[in-house]
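A.B. asks: One structure coming up, written as structure tokens, with questions to follow.
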Amino acid sequence: MTASASSPAIAASGLSKSYNGRPALHELDLSVEPGEVLGFLGPNGAGKTTTIRLLLGFLRPTSGTATVLGFDCWSQSLEVRRTLGYLPGDVRLYDAMSGRAFLALCARLRRTAGRSAELASRLDLDLDKRVGTYSKGNKQKLGIVQALMHEPRLLILDEPTSALDPLVQETVYEILNELKQSGTTIFFSSHVLSEVQKVCDRYAIIHDGRLVREGTVSELGELSGSLVRVSFQDEQAGEHALDRAGLAARREGDDFVLTITDPNDVVRALAGVHVAGLDVRPLSLEEVFFESTSRATCGDETS
């Protein structure tokens with residue numbers, strides 16, 4: 001049995017996994033529709049890779065159920081793996097082979113060479129070199145080609161751009177957006193907010209093995225922002241300026257620290273105030289999670 005056009009490409013219900021009594025994934029309920037691109041976000045160690053290994057049948061769950069393209073992830077795990085394209089987070093390849101020989105092996109197993117030559121060319125990958133001589137980035141490129149070459153209906157990608165330089169990352173985003181337009185379902189595991197915003201339709205955030213938030217990528221923009229650290233020559237005047245602008249800040253030593261979505265808010269608030277130091281940088285995913293859950297907790301306490 002395979003998934004119909006109306007049934008989820010990926011469906012997990014109550015999916016849990018523990019190691020020696022320690023939970024790594026807790027009652028995950030998740031659905032990915034055909035043709036959808038889901039960004040599966042979380043800090044390192046949050047449970048993203050455990051989820052993927054369960055979906056592929058590499059691990060058996062402590063409890064719960066899951067299907068991929070209508071196949072049960074454990075009793076029909078071979079069918080699952082034949083059907084999709086998969087890029088693991090820790091790419092392992094045959095070092096003695098050339099890149100071309102490796103892709104030829106993949107083509108024989110899948111009975112199609114598909115787009116291997118085109119994808120390798122777009123990623124500027126020399127297929128005639130021995131894999132063992134490849135840099136980490138080139139091994140990642142080869143892993144991407146093998147996952148995409150047979151044009152699968154579903155892609156499961158675990159941190160696909162982690163070892164790539166920024167120019168190659170942009171090429172990968174371009175390729176994934178083309179696949180998205182053609183109707184390919186993509187499960188995109190990442191810890192980088194910005195790349196999920198470039199590629200995905202929806203996001204789900206996992207933290208400590210629990211699904212803590214999900215929604216559309218347009219809603220994800222509300223979570224992103226910048227961390228501002230500012231100090232003043234006159235601390236009292238600076239604090240009053242932030243208060244007047246309605247900007248909540250916490251104290252860390254001599255600094256005032258706050259999160260914002262528009263840096264211009266701080267610029268306007270501090271006009272006419274003597275600033276001793278100012279640092280602005282994007283929020284990390286860990287900080288986004290902290291800020292969003294802190295706001296939710298504060299809202300619960302004040303409601």
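Residues are listed down the side, and each one gets a yes or a no for (1) in contact with a helix residue (DSSP H, G or I) (Cβ under 9 Å, 6 or more places away or on another chain); (2) in contact (Cβ under 8 Å) with a residue 40 or more places away in the chain; (3) in the same structural domain as THR49 (by TED's automatic domain parsing):
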| site | (1), (2), (3) |
| --- | --- |
| LEU176 | yes, yes, yes |
| SER182 | no, no, yes |
| ASP234 | no, yes, no |
| ALA237 | no, no, no |
| HIS240 | no, no, no |
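A.B. asks: Out of SER194, SER189, which single residue is in a strand (DSSP E or B) and either over 29 Å from SER18 (Cβ atoms) or touching a strand residue (DSSP E or B) at 6+ places or on another chain (Cβ under 7 Å) (or both)? Quick ask: steps written out before the conclusion?
C.D. replies: Working: SER194 fails: in a strand (DSSP E or B).
Result of the check over SER194, SER189: SER189.
A.B. asks: On to the next question. Inside segment 1-117, counting only strands (runs of 3 or more DSSP E) that do not spill past its ends, which hold 1 or more residues that are at positive phi?
C.D. replies: 10-19, 22-32, 63-68
A.B. asks: Another one. PRO43 fails exactly one of the following numbered conditions: (1) closer than 17 Å to ALA204 by Cβ; (2) of a type outside the set (A, V, I, L, M, F, W, C); (3) out of contact with any helix residue (DSSP H, G or I) (no Cβ under 9 Å at 6 or more places or on another chain). What is the number of that condition?
C.D. replies: Condition not satisfied by PRO43: (3).
A.B. asks: I've got another one for you. When segment 132-158 is examined, which residues are found to be farther than 27 Å from GLY47 by Cα and in contact with a helix residue (DSSP H, G or I) (Cβ under 6 Å, 6 or more places away or on another chain)?
C.D. replies: Correct list: MET149, HIS150.
A.B. asks: Applying the selection to segment 83-104, what residues are closer than 28 Å to GLU36 by Cβ and free of Cβ contacts under 8 Å to residues at least 12 places away in the same chain?
C.D. replies: Correct list: ASP90 only.
A.B. asks: Oh, and also: Here are GLU301, GLU286: which of them is on the phi < 0 side of the Ramachandran plot, under 29 Å from the mean Cα position of the chain (by Cα), at pLDDT below 90 and surrounded by fewer than 16 Cβ atoms within 10 Å (Cβ to Cβ)?
C.D. replies: Going through GLU301, GLU286 in turn, just one is on the phi < 0 side of the Ramachandran plot, under 29 Å from the mean Cα position of the chain (by Cα), at pLDDT below 90 and surrounded by fewer than 16 Cβ atoms within 10 Å (Cβ to Cβ): GLU286.
A.B. asks: Among the candidates ILE156, ILE175, which residue alone is in a strand (DSSP E or B) and of a type in the set (Val, Ile, Thr)?
C.D. replies: Working: ILE175 fails: in a strand (DSSP E or B).
Within the list ILE156, ILE175, the selection yields ILE156.
A.B. asks: Related question: Pick out the one residue from ARG122, ARG110 that is farther than 19 Å from LYS48 by Cα, touching a residue at least 40 places away in the same chain (Cβ under 8 Å) and touching a His at 6+ places or on another chain (Cβ under 8 Å).
C.D. replies: From the options ARG122, ARG110, the qualifying one is ARG110.
A.B. asks: Being without any contact (Cβ under 8 Å) to a residue 12 or more places away in the chain, among the hydroxyl-bearing types (Ser, Thr, Tyr) and either surrounded by fewer than 18 Cβ atoms within 10 Å (Cβ to Cβ) or not assigned by TED's automatic domain parsing to the domain that holds SER189 (or both): is that true of SER75 here?
C.D. replies: It is true that SER75 is without any contact (Cβ under 8 Å) to a residue 12 or more places away in the chain, among the hydroxyl-bearing types (Ser, Thr, Tyr) and either surrounded by fewer than 18 Cβ atoms within 10 Å (Cβ to Cβ) or not assigned by TED's automatic domain parsing to the domain that holds SER189 (or both).
A.B. asks: Output yes when any residue across segment 36-46 is more than 24 Å from SER194 (Cβ to Cβ) and touching a residue at least 40 places away in the same chain (Cβ under 8 Å), and no when none is. Explain how you work it out, then say what you get.
C.D. replies: Residues of segment 36-46 that are more than 24 Å from SER194 (Cβ to Cβ), as a first pass: none.
Scanning segment 36-46 turns up no residue that is more than 24 Å from SER194 (Cβ to Cβ) and touching a residue at least 40 places away in the same chain (Cβ under 8 Å).
A.B. asks: Quick one: would you say ASN20 is of a type in the set (S, T, N, Q), without any contact (Cβ under 8 Å) to a residue 40 or more places away in the chain and more than 24 Å from GLN181 (Cα to Cα)?
C.D. replies: Yes: the conditions hold for ASN20.
A.B. asks: Among the residues of segment 198-213 satisfying the criterion of being outside any loop (DSSP other than H, G, I, E, B) and either over 15 Å from the mean Cα position of the chain (by Cα) or without any contact (Cβ under 8 Å) to a residue 40 or more places away in the chain (or both), which is nearest to ILE186 (Cα to Cα)?
C.D. replies: So the residue we want is LYS198.
The values are calculated or read from the model by the stated rules, or taken from the named source; none is laboratory data. These figures come from a predicted structure and were not determined experimentally. FYI the Cβ positions are ideal-geometry reconstructions off the backbone, even for glycines, and counts take in every protein chain you see.
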